[in-house]
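**Student:** This is the structure, below, for whatever I ask next.
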Amino acid sequence: MGPLRQFGLVCAAAAIALWAQQPNMPAPKVFEPKPPPEQPVAFNHKTHAGAGIKCADCHAMRSPGDRAGFPAVSTCMGCHTTIKKESPEIAKLATFATSKQQVPWVRVYKVPKTVYFSHEVHVKQAKAECAACHGSVAEREAVGLEKSIHMPACMECHDRMKASNKCDLCHDSH
Ligand code: HEC
Ligand code: HEC
Ligand code: HEC
Ligand code: HEC
Ligand code: HEC
């Protein structure tokens, strides 16, 4: 057993011990990755990252920035009125744009309404990389559920980064 794996096991044991000490704690949800859902337009992160477009160009995280958000169809059409306009996928995109409808993207990462989460705090204050919670999106042709956003994953990082794990930090306080 390598030292890194040993360290991993010690951390896991410590996390479980921490877990057992808490009152009113639900059974930890087991994380299962999910393949990408079918999207209304076949958007590809890898192609767009390869074209040098930054995450923030499409996920603006406006202040107050709880949401990362999705780009407006007009943002897409800023390029696609000219780029690849003969493509059937771009034709679908253009149909949404001309009927003034946003694309109904299927959500992948979502926490229940009882949980408070802010992108602005994690990205700007805690300096967490998108990849820490979403995997290597820039290398994906389609985005599926790759990383856990269940309570144990939140608490493991809070523990490691010395952020609070008081229940009302994530529940009821907002
Ligand atoms: C800054 C410019 C830019 C923006 C903004 C942009 N794209 Fe693209 N898009 C590109 C480029 C460049 C390609 C690659 C074209 C190629 O393969 O030659 C591309 C390719 C695509 C393709 C593949 C087309 C095909 O059949 O090969 C789709 C679908 C697509 N984009 C959808 C979108 C959607 C949806 C949005 C908005 C969420 C968007 N794009 C925003 C530049 C952009
Ligand atoms: C050209 C616009 C564009 C760029 C640039 C872009 N995204 Fe996206 N992103 C989208 C669109 C459109 C969706 C919804 C469709 C999908 O899931 O592929 C999306 C979905 C996502 C999702 C899943 C959201 C959910 O439903 O939970 C994550 C996570 C994400 N993007 C992260 C990133 C990261 C990280 C980067 C930079 C490496 C990035 N995106 C760059 C347009 C973009
Ligand atoms: C600390 C973990 C974490 C980090 C770092 C993070 N996200 Fe998220 N992301 C989440 C969680 C949790 C959700 C679900 C939020 C909800 O349901 O309200 C989410 C949801 C999303 C969504 C779906 C739409 C939305 O606003 O809820 C997109 C798009 C997204 N993230 C993109 C990004 C991008 C781009 C970055 C980097 C700039 C990033 N995320 C960094 C945890 C994170
Ligand atoms: C990559 C590590 C990391 C992960 C994963 C993470 N957090 Fe955090 N979080 C932090 C750090 C660090 C802070 C302290 C930021 C500060 O105060 O500067 C923080 C602060 C917070 C705060 C208090 C600030 C505020 O927004 O009011 C809440 C609430 C929170 N996180 C919720 C969550 C939830 C819910 C999840 C899981 C879906 C999560 N976090 C996952 C690192 C993380
Ligand atoms: C860092 C953020 C964070 C902290 C701190 C936290 N939780 Fe959670 N909690 C979550 C997330 C995220 C979920 C959503 C379920 C899941 O995906 O695991 C959740 C779900 C729950 C649920 C299931 C019902 C629901 O609201 O969805 C209960 C009960 C719960 N937490 C109790 C607690 C208690 C008790 C504490 C303090 C000992 C606590 N939580 C601390 C993030 C947190």
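The values are calculated or read from the model by the stated rules, or taken from the named source; none is laboratory data. Keep in mind that this is a model prediction, so the values were computed, not measured. Ideal geometry is used to build each Cβ from the backbone, glycine not excepted, and the neighbour counts take in all protein chains shown. Heads up: the accessible areas ignore ligands, DNA and RNA and are worked out on the full protein's heavy atoms, side chains in. Shrake-Rupley method; radii C 1.70, N 1.55, O 1.52, S 1.80 Å.
**Student:** So if I check each of Ala138, Ala68, which one is at pLDDT below 95 and either near ligand 2 (Cβ under 9 Å from one of its atoms) or more than 30 Å from His171 (Cβ to Cβ) (or both)? Outline the logic, then answer.
**Tutor:** Working: Ala138 fails: at pLDDT below 95.
When all the criteria are applied, what remains is Ala68.
**Student:** Please go through the stretch 67-81 and give me each residue that is open to solvent by 60 Å² or more (accessible area, probe 1.4 Å) and in a loop (DSSP other than H, G, I, E, B), ordered by number.
**Tutor:** Arg67, Phe70, Thr81
**Student:** Let me ask something else. Answer with yes or no whether Ala126 is in contact with a Lys or Arg (Cβ under 9 Å, 6 or more places away or on another chain) and over 18 Å from Pro28 (Cα atoms). Working first, answer last.
**Tutor:** Working: in contact with a Lys or Arg (Cβ under 9 Å, 6 or more places away or on another chain): no; over 18 Å from Pro28 (Cα atoms): yes.
When the stated conditions are applied, Ala126 does not pass them.
**Student:** Select from the stretch 83-100 the residues that are part of a loop (DSSP other than H, G, I, E, B) and open to solvent by less than 100 Å² (accessible area, probe 1.4 Å) and list them in ascending order. Walk me through it before giving the result.
**Tutor:** Start the filter on the stretch 83-100 by keeping residues that are part of a loop (DSSP other than H, G, I, E, B), which leaves 83-87, 99-100.
Scanning the stretch 83-100 gives Ile83, Ser87, Ser99.
**Student:** List pairs: first in the stretch 132-160 and under 12 Å from Pro33 (Cα atoms), second crowded, with 16+ Cβ neighbours inside 10 Å and of a type in the set (Gly, Ala, Ser), Cβ under 8 Å, 6+ apart or cross-chain?
**Tutor:** The qualifying pairs are Glu146/Gly135; Lys147/Gly135; Lys147/Ala153.
**Student:** Take the residues of the stretch 51-63 that are over 14 Å from the mean Cα position of the chain (by Cα) and without any contact (Cβ under 8 Å) to a residue 40 or more places away in the chain: which is surrounded by the fewest Cβ atoms within 10 Å (Cβ to Cβ)? Can you show your working first?
**Tutor:** Of the residues in the stretch 51-63, the ones over 14 Å from the mean Cα position of the chain (by Cα) are 51-54, 57, 62-63.
Filter again for without any contact (Cβ under 8 Å) to a residue 40 or more places away in the chain, leaving 51-54, 57, 62.
On the way: Ala51: 9, Gly52: 7, Ile53: 14, Lys54: 10, Asp57: 12, Arg62: 10.
By that ranking, first place goes to Gly52.
**Student:** Please go through the stretch 56-76 and give me each residue that is of a type outside the set (D, E, K, R), within 16 Å of ligand 4 (Cβ to nearest atom) and out of contact with any His (no Cβ under 7 Å at 6 or more places or on another chain), ordered by number. Spell out how you get there, then give the answer.
**Tutor:** So the first thing to find is which residues in the stretch 56-76 are of a type outside the set (D, E, K, R), and the list is 56, 58-61, 63-65, 68-76.
Narrowing further to those that are within 16 Å of ligand 4 (Cβ to nearest atom): 61, 63-65, 68.
Once the filter is applied, which keeps residues that are of a type outside the set (D, E, K, R), within 16 Å of ligand 4 (Cβ to nearest atom) and out of contact with any His (no Cβ under 7 Å at 6 or more places or on another chain), the stretch 56-76 yields Ser63, Pro64.
**Student:** Moving on. For the stretch 113-135, which positions are farther than 17 Å from Ser164 by Cα, in a loop (DSSP other than H, G, I, E, B), at pLDDT 95 or above and open to solvent by 60 Å² or more (accessible area, probe 1.4 Å)?
**Tutor:** Passing the criteria: only Glu129.
**Student:** Condition first: near ligand 5 (Cβ under 6 Å from one of its atoms) and in a helix (DSSP H, G or I). Now tell me which residues in the stretch 136-174 satisfy that.
**Tutor:** Met151, Cys154, Met155, His158, Cys167, Leu169, Cys170
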